[in-house]
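Chemist: One structure coming up, written as structure tokens, with questions to follow.
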Amino acid sequence: WGIYHFGALDGTSLLSQAITAYTDLGVIFVNSGGNNGNVNFHLKKTFSNDVLKSRINFYNYSSNQNMWGQSIHSWGEVGNNFSNGLIITNSSGLVLVESPYYATNTTTTYIDTFLVAGLDTILYNISADAIHPVNNKPQMRLRVKNTNTNLRVILKSIADSGIVHYWNLTELTNDVGNWGMAFSTSGSGTSSGDNLNGIGEPACSDDVISVAAYATQYSTANGSLIGGGIASFSSIGPRYDGTMKPDISAPGVAVISSMSSFTDNVFTSNASVDFNGRTYHFAKLSGTSMSAPMVAGVAALILDANPYLSARQVKEIIMETARQDNITGVIPSGGSAKWGAGRVNAYAAVKLALQTIGLEEPANNLMWSVFPNPAVNELHFTIVDELPSQGEIVNLNGQVIYRAITNGKLNVSDLSPGNYFIRLQIDEKIQQQQFTKQ
């Protein structure tokens with residue numbers, strides 16, 4: 001999920017600040033990267049005292065009962081104000097009516113007004129800042145409603161200098177809508193959009209793990225490999241300030257998962273389970289809303305392997321262990337605007353987690369320790385009365401061996417030489433220490 005008009009889209013929003021504060025406390029955020037990779041809903045214009053014009057395409061009003069219109073959100077550069085307005089034409093390109101320009105440095109209050117073209121009324125409203133409080137950039141949100149599909153709504157924008165970015169998103173009456181609609185040409189002097197800089201809030205936040213989607217590769221009956229490409233819908237980065245997003249990619253095409261038993265949405269059931277008098281269905285869905293839970297699951301496995309890692313260490317491990325192949329191509333060190341760092345690799349991530357020193361491990365607050373270390377046959381513990389009945393031995397491949405603890409000691413004689421972790425749960429608190437088997 002995510003909305004493009006919710007914040008500044010450059011990691012400075014209040015939501016991004018809140019996410020950073022919770023990340024400092026150890027919370028890991030994983031977010032879908034967005035599903036606008038196959039629509040040219042973005043424009044970027046470098047102004048030199050000239051004009052930008054582009055047609056605003058609308059979502060079908062009959063396709064959603066909450067449909068209101070389109071929301072055009074624009075962000076400029078610090079110190080460079082810009083002005084936006086609307087032109088209404090017929091299908092032949094003849095101008096029927098035109099709004100004035102509204103400037104970011106003079107539009108200090110909310111404007112709600114309309115244009116009349118013959119028997120049609122085009123509603124629009126504008127809110128703007130010359131200096132937005134979180135990043136000092138000029139911004140404008142222009143929302144427009146036009147139910148006559150024979151009319152064309154053209155965005156017009158001017159500025160003396162600087163770069164301005166624009167996004168065309170569907171506007172619903174319930175104040176949401178995060179799917180893009182295209183900017184397109186409409187006669188000479190107009191520009192079409194692109195599908196770049198498509199990461200919205202809060203996927204654009206610095207401390208969020210933003211997830212792209214790809215189709216899982218599989219073998220056919222004759223052994224041929226099918227699939228594996230990036231999903232056409234997966235939103236493309238980078239963030240509009242140049243910061244690379246998304247961070248990672250995961251399977252998100254035709255993924256079968258659980259459906260709420262209370263949903264009133266139409267879906268095709270692929271399987272079901274009856275439990276306590278209710279039927280619970282599983283259905284096949286596609287989207288970055290399917291790929292993000294994959295990465296959230298990997299993050300959980302990482303913390304299970306090493307609970308002392310900080311939230312940022314988990315993100316670094318996921319990105320550092322990402323897989324590249326002949327489909328992703330060679331991903332530069334800064335990441336890919338489609339793939340992020342590459343395909344998520346759960347096994348490699350868990351293995352690296354076990355080999356990483358956790359920043360969250362208390363320095364001198366361990367309730368117990370082991371000796372001798374290195375050990376040959378047995379591990380002894382410095383406490384006896386509070387020991388659990390068994391401990392977990394974890395090797396550097398993430399494999400867990402459960403061993404009984406008897407009389408304050410644990411048998412390790414059959415372990416292969418190498419480094420291991422011994423993990424105990426005492427008073428609902430899990431702690432681990434490393435030891436060496438000779």
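The values are calculated or read from the model by the stated rules, or taken from the named source; none is laboratory data. Predicted model, so just to flag it, every value in this text is computed and none were measured. Note that we place each Cβ from the backbone using ideal geometry, even for glycine, and neighbour counts take in every protein chain shown. Ligands, DNA and RNA are stripped out before the accessible areas are found, and what is left, the full protein with its side chains, is counted by its heavy atoms. Shrake-Rupley method; radii C 1.70, N 1.55, O 1.52, S 1.80 Å.
Chemist: Within the range 322-342, how many residues are under 17 Å from the mean Cα position of the chain (by Cα), under 25 Å from Asp194 (Cβ atoms) and open to solvent by less than 30 Å² (accessible area, probe 1.4 Å)?
Modeler: 7
Chemist: List every residue pair whose Cβ atoms lie under 8 Å apart, where the two residues are 6 or more positions apart in sequence or sit on different chains, the first residue falls within the range 195-219 and is of a type in the set (Phe, Trp, Tyr), and the second residue, located anywhere, is in a loop (DSSP other than H, G, I, E, B) and modelled with pLDDT of 95 or more.
Modeler: Cβ pairs passing all conditions: Tyr214/Gly228; Tyr214/Gly229; Tyr214/Ala231; Tyr214/Ser234; Tyr214/Gly252; Tyr214/Val253; Tyr214/Trp339.
Chemist: Next question. For Tyr308, indicate whether it is outside any helix (DSSP H, G or I), open to solvent by less than 60 Å² (accessible area, probe 1.4 Å) and touching a residue at least 12 places away in the same chain (Cβ under 8 Å).
Modeler: yes
Chemist: Ok, one more. Checking Ser261 against (1) assigned to a strand (DSSP E or B); (2) surrounded by fewer than 14 Cβ atoms within 10 Å (Cβ to Cβ), which single condition isn't satisfied?
Modeler: Ser261 satisfies every listed condition except (1).
Chemist: Being outside any loop (DSSP other than H, G, I, E, B), within 29 Å of Val97 (Cα to Cα) and touching a residue at least 40 places away in the same chain (Cβ under 8 Å): is that true of Ser186 here?
Modeler: no
Chemist: Name the single residue that is most open to solvent (accessible area, probe 1.4 Å) among those in the range 382-402 being in contact with a Lys or Arg (Cβ under 7 Å, 6 or more places away or on another chain) and part of a loop (DSSP other than H, G, I, E, B).
Modeler: The selected residue is Asn397.
Chemist: Further, regarding this structure: Within the range 220-239, work out how many residues are polar (S, T, N, Q) and surrounded by 10 or more Cβ atoms within 10 Å (Cβ to Cβ).
Modeler: Adding up the residues that qualify gives 3.
Chemist: Still on this model: List the strands (runs of 3 or more DSSP E) that sit entirely inside the range 1-109 and contain at least 1 residues that are of a type in the set (Phe, Trp, Tyr) and in contact (Cβ under 8 Å) with a residue 24 or more places away in the chain.
Modeler: Correct list: 29-32, 42-56, 67-75.
Chemist: May I pose another question? With the condition kept exactly as written, say whether any residue in the range 403-422 is surrounded by 13 or more Cβ atoms within 10 Å (Cβ to Cβ), of a type outside the set (Val, Ile, Thr) and not in a strand (DSSP E or B).
Modeler: Yes; the residues of the range 403-422 include at least one that is surrounded by 13 or more Cβ atoms within 10 Å (Cβ to Cβ), of a type outside the set (Val, Ile, Thr) and not in a strand (DSSP E or B).
Chemist: Could I ask something else about it? If a residue has to be part of a strand (DSSP E or B) and either open to solvent by less than 40 Å² (accessible area, probe 1.4 Å) or in contact (Cβ under 8 Å) with a residue 12 or more places away in the chain (or both) to count, how many in the range 264-302 make the cut?
Modeler: Looking only at that region, the number is 11.
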